[in-house]
Amino acid sequence: MNRAVHTMVPPPISRILPFVSLLLLFHVSPGVICFSPPSIRVDGATRRSLCHESGKFAHSHSRLFSSNTVSTTTVETSSHPPPRTVSKFVALMAGQSGGGKEGLGDYPPLAFHPDPAAAEMEDDFHLAEQQRTLPLRVAILPDDHDDDDDHDHSAQEQSAPGKTAMRAPLHGLRRVHYLPSLLTQDNVSHILAAVRSPSSAAGFSERDARCVVAVEDGVPQRHETLTSVLVPLLDDAILPSCRSVLQCSTLVVADALVRVYDPKDGKEALPAHYDESSFASVIVPLNPRDCKGGLYLQSGCAPASRRSVPFDTAGDAVLHRFDVMHGVHVTQGVRYSLVVWFAETKAALETRTVPWVAAASRTSTHAAYLHGTNAKHGQFGVPEDKDGALAEYQWAAERGHAISQYALAMWWLRKRDTVDEASVAATNAQVVRWLEHAAQHGLLEAHHELGTAYKQG
């Protein structure tokens, strides 16, 4: 199964928008959920969840692979499943044309501030030496919220047992970490050299995937040059640092690859999406000064909420959990980006499940929406449960999550075909109510459907 799965806006009745899965993008073979278009799924699985322990964080360092797995020239696969001959990334990282209409420069930069928790982490010997001398920074993303407060929250709580009683908006839950010098300049140079060198051992068409894969679903792949360079960095720098910052000692690497974005091939953009199938993702630009455009984060449903990530230098990194929507758009030059997806535990990686989504759905509208989508489709180990999915959408929608509001509107629209004539007017009112809320946040699909509804009376 794939590691990143894109979950997108539910398909509008009038049209189905295009789909792409990432990483910034998110694993369904990834589990990524695209924000702008409706949801078209690629099989696979991604995992993520929150792992906070009380008291001082205790880091237990377990290597990605056993010490006899990696040598300086090759990766032995005797103790692992064989590398993939058909990779999930061919579909997941295919990308789309950005149309040349908008680039990263069009988005205001995301503001990072000193991380108040960094003092404890800087003394952690597992953080890379260069990170101890540079300040770790953090950005807290806002959420969509409704201007009015006409919701019956007591009714919602009854429809979604076990949910924490919190009123919209739910702010301050999503943090994005900026890790300066996660990799050294020598590390970056070695990765770029490995990616640019020919490799007859590649197990699938890298031209189609537009990426070079070192690890897929926890298994080292056939690109020997990159794997031999990257796996030690995963073990000794990337995984320990991310465990420390996220305070999750059980974190494991699920996927690691270098994605290449080139406007000349017409696949230089990845639409905004959630990395649902990964507990957390880290993105490391390898040549940020050689191109224009790149990574952006989208805090709400509307493109107006997008913020570019101003990387200081190659080797700096951004780390975020599954509930942060993001995308990529390169407008000039060739961009090389290292992407690593993590599972919260080895068990989640092996079972292709996402327990962190269900756990966070008690307090996060984003997680509730994702958990509802998993229940709707019966994916990532969640049993199919249409009623349960509706309850999740309702809970998130009442707290201002625009995509959930749109999903509810589409549910009421379908329900209209099953009610008697006396109930049609009340059902139409629900459709319009939720479309208006979603449109208020700037969700383009909701604007389109609402316009159609008004036009048809």
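Could the peptides 360-369, 317-326, 227-236 be put in order, highest first, of the mean number of other beta-carbon atoms found within 10 Å of their residues? Please list the in-between numbers first.
On the way: 360-369: 24.6, 317-326: 26.8, 227-236: 20.7.
Averaged packing, sorted descending, gives the order 317-326, 360-369, 227-236.
For the pair D265/N287, report the inter-label distance in nm, with labels modelled 7 Å from Cα in the Cβ direction.
1.3
Starting from the Cα gyration tensor of the range 381-457, take the square roots of the eigenvalues, sort them a ≥ b ≥ c, and report rounded, prolate or oblate (rounded when a/c is under 1.5, otherwise prolate if a/b is larger than b/c, else oblate). Write out the running numbers ahead of the final one.
Values: a/c = 2.18, a/b = 1.17, b/c = 1.86.
Oblate is the answer for the range 381-457, as a/c is 1.5 or above yet b/c matches or exceeds a/b.
Hey, any idea what % of the range 248-311's accessible area is carbon plus sulfur with a 1.4 Å probe?
The value for the range 248-311 is 49 percent carbon and sulfur by accessible area.
Taking the mean number of other Cβ atoms within 10 Å as a proxy for protection, how do you rank 286-297, 444-455 from highest to lowest? Working shown, then result.
On the way: 286-297: 20.1, 444-455: 17.2.
Top of the packing list down: 286-297, 444-455.
So for the range 315-457, what percent of the C-alpha to C-alpha distances run longer than 23 Å?
Numbers: 4986 of 10153 pairs.
More than 23 Å apart: 49 percent of the Cα pairs in the range 315-457.
Give the value in nm², to one decimal: projected area of the alpha carbon convex hull of the range 323-398, averaged over all directions.
On the way: hull surface 27.4 nm².
Result: a mean projected hull area of 6.8 nm².
Quick check: at a probe of 1.4 Å, how many percent of the accessible area of the range 328-411 sits on carbon and sulfur atoms? Mind dumping the intermediate values first?
Details: 1240 of 2400 Å².
Roughly 52 percent, rounded to a whole number.
Please identify which residues in the range 438-455 have an amide N closer than 14 Å to a label point set 7 Å out from the Cα of V419, following the Cα→Cβ vector.
Label zone hits: none.
Just add up the charged neighbours of Y336: K/R +1, D/E -1, any other residue whose Cβ is under 9 Å from the Cβ of Y336. Don't jump to the answer; show the numbers that get you there.
On the way: positive: R196, R259, R335; negative: D290.
Net of charged neighbours comes to +2.
The values are calculated or read from the model by the stated rules, or taken from the named source; none is laboratory data. Note that the structure is predicted; figures quoted are calculated from it, not measured. All Cβ positions, even for glycine, are placed from backbone atoms using ideal geometry, and neighbour counts span all protein chains on display. All accessible areas refer to the heavy atoms of the entire protein, side chains included, with ligands and DNA or RNA removed. Shrake-Rupley method; radii C 1.70, N 1.55, O 1.52, S 1.80 Å.
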